[in-house]
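This report refers to the structure that appears directly beneath it.
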Amino acid sequence: MKNSRCSVVFLTAIALFLGAMVTTIAVQPQGFTHNADMAMSATGVALSRTYYDPNLGVKVNQPGYINNGDFNVYPNWPALGFKAIAAWYQLLGKDSIDNARLLVALLYACTTVLFFAFLLRSEFDFNVAVLSTILFVVLPQHLTYGNIIFADMWLLPFWLLSFLIFTAQPKFYFLIVFIAIFATLNFMWFVFFVIPALVVMLVYRHYALSARQMGLLLLLSVASIWLFQKLLLTVFDNVPLFAELRQWSVFPLLTNIKLSAYLVLKSSARVLYEAIPVLLLVGCVTYLGVVRNGLRLRARHLDSFIFVGLTLFFAVLSLPSWFVTHNTSSVFFSVLIAVTGALVLQSSNQQQPRKTVLLGCLSIVAAVALYAGLPHLTQGRSNIATFKQIVEHISQTDRHTLKRPNVIFSLRSDRGWSRHGLKMAVKEELRAYIFRIRSPKEPIKLVDYFQSSTSKLRRLDAPGFDSSKFYYVTDFPYTEKLLHSNYLSFTEYSLPSGVFLYEFELEVAR
């Protein structure tokens, strides 16, 4: 009997894995589809390519990419996550956006199986675990996260693996600390919230604490996190990883309350929107009278929910500025939302099991509908339209050359342009060399700047750069008189939202 159940669980896990793979691959975009994707995925591809192709200028054991003719180190994240993507490229034989997204889909599927295993280890009923896992797969922000190529793609698998280990015997708890430290040193910031949550849960599970004592413990934990961050920022002032901590910790939030209040409300509204399937479940279960009869949940279920909630609580407290300013931060809440759905379904299943499947299916349909409506709530479509037209024009012009195009950007950020995202997306879509200037230059000075930058590319032994032609993207239009030159030929293209693309070609070597 036990072997038969194990076989069913194993086959279900495989089915969920394959279903998650098919789902996320089916919704994966061609190229980059929104501002966050442009900024994150394009940057992730650029950082991983430098480890796949040594000619792209990697000089140190930190991620980076060629920018403005120099190799710029990108110190925000440790390198191992991007090295893993590069190793995946080598396995498949090609460094492409599609291959990178295939790795993301694999991680997404692994995360699905880890979530399913976590619910089973937490003693949720089998059908509840299956329905809740499917809900987890199709929650809007989580599904969107299934095609983001960046260091963050590794976080949910590590996070859920820690939860899974937490459900094991206490003698395995040291593995959570090991995973947290390993992930922090090599993939991402992870230790800042997993270790405090672990400590609190160990105390919670092994000591009979009253509500007052538990509240006091949480307050002391919050104070300890902030003091610990302050100590790290003071002692390790010049370490890149802790410079990121300085930017996203609680301290910048305290000095910019007006701006942060708006962002907190915006982030909360987004999470509330994505939690609609669970709100539907809660409403249905309440209507069926389950709450009125009492929630018959095992302590194991509540322990698991509290651990997930505390971990997210400490994450938000540790890096609040990151959570309120990043569009992808609500992926963390998808775990809590799905576990909440599992708790509600579990309570329903114990009293009216025939309706549990119906409730679960309704919540899954609601999640899919929300995902379909999510693009209509996003902003910055003009950036995407401009990006596509830049790529189209340059591709048509350079379709017969083997050289990489050179693209110079000069866009005013006060007009809402995502300069970094647009720049990185163009770089990776066209395999281009990118440059940025803060203010517009006259054509001759622009040529001087370009030639100075290409001389840096030559010293870097950068492959395939073009020393005679470049493109200039700007919202500062030139006049015909200003563009008149014996050294240049040019073509002007007008793009959406007042952007201009100029193609410059040097006719005479200078």
Next on the checklist: For Arg436, what residues show an amide H to amide H distance below 5 Å, using hydrogens built from the backbone and excluding near sequence neighbours?
Outcome noted: Asn68, Phe409
Checklist entry - Quick one: length gained pulling Ala372 to Ser468 fully straight, 0.36 nm per residue minus the C-alpha distance? => result 30.0 nm
Checklist entry - Which percent, nearest 5, of DSSP beta bridges in the chain are antiparallel? => result 65
Checklist entry - Which peptide among 18-25, 438-445 comes first, and what is the full order, when sorted by highest mean count of other Cβ atoms within 10 Å? => result 18-25, 438-445
Item to check | Pair Gln389, His206: separation of 7 Å Cα→Cβ label points (nm) | outcome: 6.4
Checklist outcome for this item: Sparse-neighbourhood loop hits (trypsin sites (Lys or Arg not before Pro), region 1-74; DSSP loop; Cβ within 10 Å at most 10 others) -> Lys59
Checklist entry - Zone of Leu92 (label point 7 Å along Cα→Cβ, backbone N under 12 Å): which residues in region 146-161? => result 149
Item to check | Crossing angle, helix 173-186 versus the chain [Cα axis fit, 0-90 degrees, rounded to tens] | outcome: 10
Next on the checklist: So if each residue of separation counts as 0.36 nm, and I subtract the Cα-Cα distance between Phe174 and Asn3, what length gain in nm does that give?
Outcome noted: 58.5 nm
Item to check | the chain - mean residue ellipticity at 222 nm from DSSP helices (-39,500 (n - 2.57) per run, n ≥ 4, rounded to 500) | outcome: -21000 deg cm²/dmol
Item to check | Efficiency of FRET between Ile444 and Leu233 - r from beta-carbon atoms, R0 35 angstrom, step 0.05 | outcome: 0.15
Checklist outcome for this item: In debye to the nearest 20, the charge dipole size for the chain, taken about the Cα centre with +1 at each Lys and Arg Cβ and -1 at each Asp and Glu Cβ, equals 1020
Checklist entry - According to the square roots a ≥ b ≥ c of the eigenvalues of the Cα gyration tensor, what is the shape class of region 144-277, taking rounded for a/c under 1.5, prolate for a/b larger than b/c otherwise, and oblate for the remainder? => result rounded
Checklist entry - Considering only protein heavy atoms, what per residue accessible area in square angstrom results for the chain with a 1.4 angstrom probe? => result 46
Checklist entry - Computed from these coordinates, which is mean projected area of the Cα convex hull in nm²: (1) 23.3; (2) 27.0; (3) 22.1? => result (2)
Checklist outcome for this item: Residue by residue through region 17-33, the couplings from Karplus 6.51 cos²θ - 1.76 cosθ + 1.60 with θ = phi - 60°, in Hz, x for Gly and Pro, are 4, 5, x, 5, 4, 5, 5, 6, 5, 5, 9, 5, x, 8, x, 10, 10
Checklist entry - Of Lys94/Lys403; Lys427/Lys456; Lys266/Lys423; Lys94/Lys423; Lys94/Lys427, which pairs sit farther than 21 Å apart, going by alpha carbon to alpha carbon? => result Lys266/Lys423; Lys94/Lys423
Checklist entry - Between the helical axis of 331-351 and the dominant principal axis of the chain, each derived from Cα atoms, what acute angle in degrees is found, rounded to the nearest 10? => result 30
Checklist outcome for this item: Residues whose modelled amide H sits under 5 Å from the amide H of Arg404, counting only those 5 or more places away in sequence or on another chain, are Phe465, Asp466
Next on the checklist: Can you compute the charge dipole magnitude of region 90-223 about its Cα centre, using +1 on each Lys and Arg Cβ and -1 on each Asp and Glu Cβ, nothing else charged? Give it in debye, rounded to the nearest 20.
Outcome noted: 300
Checklist entry - On a 0 to 90 degree scale, rounded to 10, what angle separates helix 35-52 from the longest Cα axis of the chain? => result 80
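The values are calculated or read from the model by the stated rules, or taken from the named source; none is laboratory data. Computed from a predicted structure; not experimentally measured. Glycine also receives a Cβ, built like all others from the backbone with ideal geometry; neighbour counts cover every protein chain displayed. Calculation scope for accessible area: heavy atoms of the full protein, side chains included, ligands and nucleic acids excluded. Shrake-Rupley method; radii C 1.70, N 1.55, O 1.52, S 1.80 Å.
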